[in-house]
Structure formats: C-alpha cells, structure tokens
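Presented below is the structure to which this report refers.
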C-alpha cells in the first residue's frame, strides 16, 4: 500500500474520518494493526477506533497529518512522554490553543496514549500541566468543575501542612 | 432504532440547541460527569505530575478527596519523587514535599514570620562549647580565644554548610564546627599540634568529616565521633570532597586520590583521561584546575571525576564537559558533551583590556547529590551550562527553574549560602544567618547521603 493512499477511520460515535496512510502510521497501535492485516481483504473498510470520540479523533488525525513527515518516535524508547518540555513548537502551540475545551484536551491526551503517539502524548501532557500551574486550589476547582468534598477541618489541616504553597492571606 | 441512527439524531439535536438549552444540558451532564483529572488513567497522571511545581502539587492535594487520593497514590508519588529527588530512596512523601517546599519557597518570597538568627564570627560564642568534646574552657587553643574577625576580610576565609552544621576557619590552624540543631560548637586543631607559621586551608565539610590541609598534610576531623586523622599526600591538594568516611582530593599535577581514615591512599588512574586536544597554553598547564570530584550517594564504590573547559574554535567558543566514572581505582566509563558556548558572542566585543578566560565550575545539590551541575565561573547571563544526572548517567538539560544557585553544595570562599531541608544558611560579613525550618524535626527523612553511610 503506498503511503499516500487514504484510509477511513471510524470513531466511537460512528463518525468516519479520512486520513492518509502516512499520517495513520504515526499511531503505533494502528500502524501495527495495518501491518498485520491482509491488505487485499481490508482495503477500503473503515478501521474501527471505538475507544476515541469523533471529535477527539478528528483533532488527533489533524495533528498526525501535519506531523506525517516526521520520524515516528520509537515507543520502545523509554520515557519519551516523561521528558519535561519547556515549550512547544509554534504549530503545535496554535493547535492546542485552538482546542480551548478542556474535556477535548483530556480526550486527545487519552487517545494519544491509546493510539500510541508518543510525541502527541508528550505535548498534550505538557499542555495539561501548564493549565494546572500557578492556579490556586479554588481556581483549579472552578477551572475543572470539581466539587470540594473535603470537610473544613480536613481542609484546614492540609492547608497548615503546606502553608508555604498557599497564597498569603 | 439502530445504534448509528441514534447517534445521528443525538448529534442533530445537540447542534440545534439554544444557549439556554445548552446550559441546561451542561447541568444535566455535570451530574454524572466528570472530573477530568480525577478520571484520567494513572498512567497518564504519572506523566503529568513531574511537570508540576512543588506549590502546584501541594495545591492539587487540596482540591478534593479523589484528587488527594490519586495524587498521593504510590505510582504518582513515586514518579514525582523520582523526577524531583532522584537520589532519595527512603522517604515519607508528604514530609519530604513539605520540606522541599519550604526550602524552595523561602528563596522566592521574602520570609515572613521566620526565626532568623545571626551567629557572629566571634569567639565569645553564641553557641556554647559542646560539653562532650570540650571538657573545660582551658583546652581552647590560644589563637581561638585571642582572634577577632575583621569584617572586611570575612570573604577571604572558608566556610561551609552541610547537613545542619557550619564549618569555618577563623584563624591559622583552628577549625570551628557549629551544630545548628543542638546550638553547640566544637573547636578543632591539628592532632599533631599547632604548627606555627603554617596555614591551614579548610577544604570540605561532609555529614561526618571536615577536611583541612596544611601544605601536603591532609587532616580529617570526625565532627560526629570527635576523632582526628592525618594523611600525608604525595602532593598538595587543590580541592577536596567528602562523604561518609571517605575523602577524595584533586592534587596539583592532576592526580586524584581517595582515602578513608585507617586505610591506604588509593590513587585513581587518570593518565589516559587528560584531553588530547589543544586547549590554550594557560589551560593546558592546569588540567587539574578544570577538575572536580563527586561521590555517589547510592554507591559507596563509585566516584565521579568531572571536567569542564572552553575550547576556542574557528566557529566560536565551545563548551566541553566530561564525566568519568570510577569504581574503586578503576576507570569504568566516560561521558562527554560538546556544544557551542551560548555566551560565546562576548568574545567578539572589543575590549581595551584582555577579558579573563571564563572557567567552568562544578557543583552538586545539597538535597540529594543527584546531579553534577556545570556553571560558568564568570557569570555573564548564562551561568548554568549543563547538568550530569548521576542516576541515569547522562547529560541532561534541566529546566532553569529547577536550578537554584543557593542550593548548590561546595560553598567555597565567595559562595554565599547553603540550604537543605532543615536549615538555610547565608554567610554575611558579620556572621552567618540561620533560618530554621519550622517543620517538625522528629522524622529524619533526609537522603541517606546527608546522614551517614
């Protein structure tokens, strides 16, 4: 199969997404699957990716299409995603800036883990960590829509334990 | 109705919603949905947390019960500790987090409500003499009782901070070790007696030994067990480091020796390690000036010899750094890195006078001894060059925010501070300032290296 041929992916909500084979090969999970499958019988059939929503898969494929020329990062190489970045390349910065929705960001992160795209996983983790940085506890709750289920006593205790981390007030 | 047509209908319905309906739907969904971090698989959370600052991590612990449980789960705390404190092998995570937080926070914010103590360079001690070591005031050396510190010369005498103790060198052959915990002082003199006319150099302070040299004589005082040992070196020592009962010294001439009291001197075979490149004559003359030695807190046999120098090439100035690992006296491995000097442009500026050749100094963190940090001696905007990770045995680029010059060990003359999880010490003309961590000291969770081994 030539690298510029198109394949169809089917997301969890039965949305079909077209992608070049080269882009799909950025996903180690799908790349391995395509190598194992018999080409003649599967050509043209949509590949089910039922663990990923259409919205997230669309963004993941958009990212893969842009990065399709890149070397596929070896997944065997330990800790690619664990390396701490200081910044993202410009295109990727814009890519994540356009996502806006936090749920979608987390879905992309999950999807890149499931589909084994180390670089996208590393990038999305960086973006999530950035979002948590410098926020007060209250801001984190508001930002992520979380209910505080700690009792005031428990909270006071934790606050005292780590007084250095809390804003002075 | 088939599965896929339900999805199509639902999609049509959602896209046709009015803003009010969207809000209502958001409300309905928020009932069973979704704490995205709380529901993130742990395997992803362990990748996210190492990127969080200590403060951020601590704040996450307070968000909710689920968050607290997840952020304190074993895999997450392990991942965080591995990244932040790689050499610590036994710890109580929360206590360690608090102490690190205290230590790093105290440099970022003006300290409020802290107990600041100034111990003056002074023989009329703030600290009483340790009764276990000093049986009476009579055994104090005459020099010590008579000297007075001139504040203008405070910078010229050596002082060190390590694991709750400050060692300083007030005069000639006298070494003072102050224990900040018990607020007691020990005054040491050479075991072979005061040598008039000779000058002692205070070289290093470790958790167990304090090291001084008088010409070729190396003196190790055990400031815990109150013993003193001497060893005649083949040559004068340029710099020393100590951990546990071991001492390593770089000698003039480039030899490196390791010694423990009661044992023979081990000479490392460095003959084939000298760089076979043309460095400028002034540097070639003193290869040893670019050398420093470091121990490994996890392996008592290991020793690291680090060297760093600048190389002038046609395309600008290069930074060349090397780390050699020894096991016993045997050289086992080397790692090198060479790259363009980020501040090389300074050379192109035309100065009326010769610009001093920059030097690279090497140091490590008092916290956990996990990295060898290469820094520029003459700071011109890029003081930090690179870092060697002893645990993973490779050069790494740490984020600058993880680097705090004040946290670096080896407070040689001219370096102004020492800090660890319990104390922060700043050296000043009048004396040294001590800030005590207010955290309870009942658990001792410091790294093994800063205890004894």
Notebook entry, point to check: Taking the C-alpha atoms of the stretch A:6-162, how large are the radius of gyration and the largest Cα-Cα span, Dmax, in Å?
Noted result: 18.8, 66
Item checked: Average beta carbon contacts from partner chains per residue of A:121-134, 10 Å cutoff -> 4
Notebook entry, point to check: Peptides A:142-155, B:220-233, A:51-64: what's the order by average Cβ count within 10 Å, highest mean first?
Noted result: A:51-64, B:220-233, A:142-155
Note to self: Based only on other Cβ atoms within 10 Å, what is the fewest-to-most ordering of B:134, A:67, B:263?
What the structure shows: B:263, B:134, A:67
Next item on the list: Order the peptides A:9-16, B:202-209, B:12-19 from the highest to the lowest mean number of other Cβ atoms within 10 Å of their residues.
Entry: B:202-209, A:9-16, B:12-19
Margin query: Given points 7 Å out from each Cα along the Cα-Cβ axis, report the residue A:70 to residue A:91 separation in nanometres with one decimal.
Written below: 0.9
Note to self: If you take each beta carbon of peptide B:215-226 and count the beta carbons of other chains within 10 angstrom, what is the mean?
What the structure shows: 0
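If each residue's Cβ is checked for other Cβ atoms within 10 Å, how do B:313, B:189 rank with the fewest at the top?
Details: B:313 12, B:189 21.
So the ranking, lowest neighbour count to highest, is B:313, B:189.
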Check: How much length is gained on full extension from residue B:117 to residue B:436, taking 0.36 nm per residue of separation minus their Cα-Cα distance?
Finding: 114.0 nm
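Highest first, please rank the peptides B:46-59, B:175-188 by the mean number of other Cβ atoms sitting within 10 Å of their residues. Each step should come with its number before you reach the end.
Numbers: B:46-59: 21.9, B:175-188: 19.3.
The most tightly packed comes first, giving B:46-59, B:175-188.
Bear in mind that the values in this text are calculations on the coordinates, not laboratory data. The model shown is predicted, which means the values in this text are computed figures rather than measured ones. Please note: Cβ atoms are built from the backbone with ideal geometry, for glycine as well, and neighbour counts cover all protein chains shown.
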